[in-house]
Amino acid sequence: MTTSADGLRAALNFTESDLRANRQGQLTIEQARRLRRGQRRTALIGALVFSTLVFASTALIFAGQTENNAIMLLAGLGLTLVNALMIGHMGRDIMRMNNDLRSNGVEALGGMVERVLRRGRQRDSYLLQVADQTLHVTKDVFLQFDHLAPYRIYRTRLTRILLSAERASDGQET
């Protein structure tokens, strides 16, 4: 199966100018905008999750104290701990995106791409393995890569978000 460059470009949502900038190790203005939108989306989701879990844990702790129910009290405390862990994780992701934006750096992976489909009970996982790295991708992106063909893939350094990719000739793998 041979894929076109246009199919890969559409699946990863990049332009020829994005690819040129990524080859130079730089983000384009549009790629930076997409990263900022992702950062804002993560912050918004974090705020919603935080407020929902604070309300739920407060209600459980209150109900546990008023009804002298240790199980509800412990559930509220456990929910508080889960909330702290989730917000810490989201905060780390936001800071990584911020660092990717400030550094304006792009990482290039090159080599033979092996497509791996892992069947699961709930859903399938689509993986690309290149240069000792495993990339989790969507089905649309997965289908645009040829199995065991040389590619150069560009992504952000910390968040490892795929930015662009191109088919490489055999001599240009790394």
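The values are calculated or read from the model by the stated rules, or taken from the named source; none is laboratory data. Because the structure is a prediction, the values reported are computed rather than measured. With ideal geometry, Cβ positions are generated from the backbone for all residues, glycine too; neighbour counts draw on all protein chains shown.
Taking every residue in the range 94-123 that is over 20 Å from TYR154 (Cβ atoms) and pairing it with any residue that is of a type in the set (A, V, I, L, M, F, W, C), at least 6 positions away or on another chain, the pairs with Cβ-Cβ distances below 7 Å are ILE94/ALA43; VAL116/LEU127; ARG118/LEU127. Just one of the listed residues (LEU128, LEU109) is out of contact with any helix residue (DSSP H, G or I) (no Cβ under 8 Å at 6 or more places or on another chain), surrounded by 16 or more Cβ atoms within 10 Å (Cβ to Cβ) and not in a helix (DSSP H, G or I), namely LEU109. Take the conditions under 29 Å from PHE145 (Cα atoms) and either assigned to a helix (DSSP H, G or I) or within 21 Å of the chain's Cα centre (by Cα) (or both) and apply them to LEU81. Does it pass? In short, no. Selection over the range 133-148 of residues that are touching a Ser or Thr at 6+ places or on another chain (Cβ under 9 Å) and either outside the structural domain of ARG118 (by TED's automatic domain parsing) or in contact (Cβ under 8 Å) with a residue 24 or more places away in the chain (or both) gives a count of 4. Based on this model, can you work out whether ILE87 counts as outside the structural domain of ARG167 (by TED's automatic domain parsing), under 30 Å from PHE145 (Cβ atoms) and touching a residue at least 12 places away in the same chain (Cβ under 8 Å)? Spelling it out, it is not the case that ILE87 is outside the structural domain of ARG167 (by TED's automatic domain parsing), under 30 Å from PHE145 (Cβ atoms) and touching a residue at least 12 places away in the same chain (Cβ under 8 Å). Here ARG155 meets the list (1) under 15 Å from the mean Cα position of the chain (by Cα); (2) exposed (fewer than 13 other Cβ atoms within 10 Å of the Cβ); (3) under 18 Å from LEU12 (Cα atoms); (4) not β-branched (Val, Ile, Thr) almost entirely, failing just condition (2). Among residues belonging to the range 62-106 that are surrounded by fewer than 14 Cβ atoms within 10 Å (Cβ to Cβ) and of a type in the set (Ser, Thr, Tyr), point out the one that is farthest from GLN24 (Cα to Cα). Applying the filter and picking the extreme gives THR66. The single residue among VAL49, VAL54 that is surrounded by fewer than 16 Cβ atoms within 10 Å (Cβ to Cβ), assigned to a helix (DSSP H, G or I) and touching a residue at least 40 places away in the same chain (Cβ under 8 Å) turns out to be VAL49. Determine if the range 112-130 includes at least one residue that is in contact with an Asp or Glu (Cβ under 6 Å, 6 or more places away or on another chain) and within 29 Å of ILE29 (Cβ to Cβ). Looking for residues that are in contact with an Asp or Glu (Cβ under 6 Å, 6 or more places away or on another chain) and within 29 Å of ILE29 (Cβ to Cβ), one finds none in the range 112-130, hence no. Residues that are assigned to a helix (DSSP H, G or I) and touching a residue at least 40 places away in the same chain (Cβ under 8 Å) within the range 22-39 comprise ASN22, ARG23, GLN31, ALA32, LEU35, ARG36, GLY38, GLN39, listed in sequence order.
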